[in-house]
Structure formats: structure tokens, C-alpha cells
Amino acid sequence: MVKKYKISITDNAQNDLEHIFFYIAADSINNAKKFILELEKKVCSLETFPERFAYISENIYFETHYRHLIYKKYRVIYKIESNSVYILRVIHGSKLLNL
């Protein structure tokens, strides 16, 4: 049987998603809705095998074990603890994580 993880989105990640939505919506509300729905599907896929994605390069600076899922130009930064996956941030791929 495949292990299932509980997905939790932090306030910071929720704020990131809202910012991304409104940024895209300034050009097209439909594109913004579509982008967020697709991103949510990717995030929900972390329910199984969240270890399949790479560690982030910033771990060396923060002494963490965070991973990231890449979707289009964005990085979904998350950590795995026990039976949970915590979505920490959703940032543009050109930016480094700032805790």
C-alpha cells in the first residue's frame, strides 16, 4: 500500500499564491484561475512520494532538508515531516528562498 501524506499550506505559501493569482489576473482572470488550479493539482500530487523531487540548493545555507516542485516558472518549496508535507513558499524560479 502506498503511503499517503497530509498536505498543509503555510500562511506564507497562501500569501504567495494570492500574490501570483492577482499578478496573472491583471492580464487575464481566466489564465490566473487555470494556473492556480493546475498548480494545486501538482501540490496535491505530493500526497504520494513527495521524496521524488530534488532538494533545494539553499539547504546548505539554512541547514534544512527542503525540497521543491517546479511548475512553469515557479518553485513550490516544501518540507516533509513524519506523515505530513508542509508547503512553505511558492516563489518565482529566478529567486532564492528567503526565510
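Where does helix 29-44 land angle-wise versus the long Cα axis of the chain, in degrees 0 to 90, nearest 10? So the inclination is approximately 10 degrees. For the listed residue pairs Lys33/Lys73; Lys6/Lys42; Lys3/Lys34; Lys3/Lys79; Lys42/Lys72, the alpha carbons are over 18 angstrom apart in Lys3/Lys34. For region 54-99, which GluC sites (Glu not before Pro) pass both filters: DSSP loop (anything but H, G, I, E, B) and at most 13 other C-beta atoms within 10 Å? Answer in residue order: Glu63. So if we plug the beta-carbon distance of His65 and Phe22 into 1/(1 + (r/R0)^6) with R0 = 25 Å, what FRET efficiency do we get, rounded to 0.05? Result of the calculation: an efficiency of 0.20. If the elastic network links every pair of Cα atoms under 10 Å, which of Arg89, Arg75, Arg52 fluctuates the most in the Gaussian network model of the chain? Of Arg89, Arg75, Arg52, the Gaussian network model singles out Arg52 as fluctuating most. Taking 0.36 nm per residue of separation and subtracting the current Cα-Cα distance, fully stretching the chain between Ser8 and Ser82 would add 25.4 nm.
Note on Cα extents along the principal axes in Å: of the candidates (1) 40, 35, 21; (2) 48, 26, 17; (3) 81, 42, 19, the value calculated from this structure sits at (1). Which parts of region 1-17 would a label at Arg52 reach, counting a residue when its backbone N lies under 19 Å from a point 7 Å out along Cα-to-Cβ? Under cut-off, by backbone N: 1-8. Does anyone have the angle between helix 11-25 and the longest principal axis of the chain? Alpha-carbon axes, 0 to 90°, nearest 10? Roughly 30 degrees between the two axes. Between the listed residues Asn59, Met1, Val90, the Cα displaced farthest toward the positive end of the dipole of the chain, a dipole computed from Cβ unit charges relative to the Cα centre, is found at Met1.
None of the figures in this text is laboratory data; all of them are computed from the coordinates on show. For clarity, every value in this text was computed on a predicted model and none was experimentally measured. As a convention, Cβ positions derive from the backbone with ideal geometry for all residues, glycine included, and neighbour counts pool all protein chains shown.
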